[in-house]
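Engineer: There's a structure below that I have some questions on.
The values are calculated or read from the model by the stated rules, or taken from the named source; none is laboratory data. Here the structure is a predicted model, which means the values were calculated and not measured. In this analysis, Cβ positions are derived from the backbone assuming ideal geometry, glycine residues included, and neighbour counts consider all displayed protein chains. Heavy atoms of the whole protein, side chains included, go into the accessibility calculation; ligands, DNA and RNA do not. Shrake-Rupley method; radii C 1.70, N 1.55, O 1.52, S 1.80 Å.
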Amino acid sequence: MGTFLSVFGIGVLLAGLVYIAAERYFTYNAFCQKRFFPVCTLLSLLLAICLSRVNTLIFGGFMTRQRSFLSLYPYDYTVLGFLIGAFLGAWIAAYLCHEKVLIALDILPFAFLGSLTIERIFEVFSDFGWGALVYDSRWQFFPLSTADMYGQYHLSVFFFEAAAALILFILLPKNKIGTGKSFFMGMLVFSLSQMFFESLRSETLRFGFVRIQQAECFLIVLVLTLTQIRYLGTRRGIGLAVLTLILLAVMIFCEYALDKLTEIPTLVIYLIMCLSLTATGIIIARTTHGGFEHVK
């Protein structure tokens, strides 16, 4: 079942690319003499799979390194590695086909969020994507919680992630393809929301109390912020970068508090986390230009 889910997620990504490109891109130009789409799709999928596995090999510990590179276990692959690989493949494809990079980057968020929605839902058939144990019988029902083989109920984090991905897919601004705004907003909101969901997951890549994919999401947000300095000017750009670093400090405190400061109620910690992530996203979205027209 795990192998099927992994292949299914990749297939949905491919289908999403076909649909989005057919509906939105063919009205834009000649599609680079129709070479760009197959090259972009193949490279994106290839690098997505490779980087998804490499991310686990680097941070996943001893056991995952004992399995082959093309492991059949779905938890030997990571969403963030898949995401980074997909966009890297699109970037390389644009370079090889002499196409505008921003066209590829603006198409991919729709396909990624659409496929992620379905992949997360199908995690109901697996034994990961769970959060903390739910002891109160009033909350022991799907989709809020999921029972394991022993009859113990766990928070259904995967379902919340699926709902978030679907909402982002629907609300993602339908800007003109090639401006970079769909890519910017899609990656910004996804990364901020995933930082919260990674904190809820019981099984995730960790180094001490540091959650690897949470840190990778933060780096994406920081890079997106730094790309806007050209439009904001040095002073405002540095101020926004400092704001992002403050978010990092808050996230480190929250993760440390969840692990060590048991006297602080968990609900209070997650409230602080949600407020800081939401405030950061709103400030960045309202302050920045949110595009990359200078990228060629």
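Engineer: What do you get for Rg/Rh of the range 68-201 when both radii come from the Cα atoms and Rh is the Kirkwood radius?
Structural biologist: 1.06
Engineer: Using a 1.4 Å probe, what is the accessible area per residue for the range 121-195, in Å²?
Structural biologist: Each residue of the range 121-195 exposes 49 Å² on average to a 1.4 Å probe.
Engineer: Any idea what log10 I(q)/I(0) is at q = 0.09, 0.14, 0.22 Å⁻¹ for the range 127-270, Debye with uniform C-alpha scatterers and no solvent?
Structural biologist: -0.36, -0.81, -1.38
Engineer: What FRET efficiency comes out for V210 versus Q152 if R0 is 35 angstrom and r is the Cβ-Cβ distance? Round to the nearest 0.05.
Structural biologist: Efficiency computed from Cβ-Cβ geometry: 0.80.
Engineer: List every residue whose amide H lies under 5 Å from the amide H of V210, counting only residues 5 or more places away in sequence or on a different chain, with H placed 1.01 Å from N in the peptide plane.
Structural biologist: When sequence neighbours closer than 5 places are left aside, there are no close amide H contacts.
Engineer: From the phi of every residue in the range 246-263, what ³J(HN,Hα) in whole Hz does the Karplus formula 6.51 cos²θ - 1.76 cosθ + 1.60 yield, where θ is phi - 60° and glycine or proline is x?
Structural biologist: 5, 4, 4, 4, 5, 5, 4, 4, 5, 5, 5, 5, 5, 8, 10, 8, 5, 6
Engineer: Multiplying the sequence separation of A132 and V268 by 0.36 nm and subtracting their Cα-Cα distance, what value in nm do you get?
Structural biologist: Residue separation times 0.36 nm, minus the Cα-Cα distance, leaves 47.4 nm.
Engineer: Next up: Please work out the Cα center distance from the range 47-99 to the range 207-221, rounded to the nearest Å.
Structural biologist: 16 Å
Engineer: Using Cα pairs closer than 8 Å and at least 6 residues apart in sequence, work out the relative contact order for the range 113-162, in percent.
Structural biologist: Relative contact order, the range 113-162: 44 percent.
Engineer: On to the next question. Whose amide H sits under 5 Å from the amide H of H154, counting only residues 5 or more places off or on another chain, with H placed in the peptide plane?
Structural biologist: Residues meeting the amide H criterion: V134, T146, A147, D148.
Engineer: Would you work out what percent of the accessible area of the range 35-182, with all protein chains in place, is carbon or sulfur (probe 1.4 Å)?
Structural biologist: With neighbouring chains kept in place, the figure for the range 35-182 is 73 percent.
Engineer: Defining a contact as two alpha carbons under 8 Å apart and six or more residues distant in sequence, what relative contact order in percent does the range 31-118 show?
Structural biologist: 38 percent
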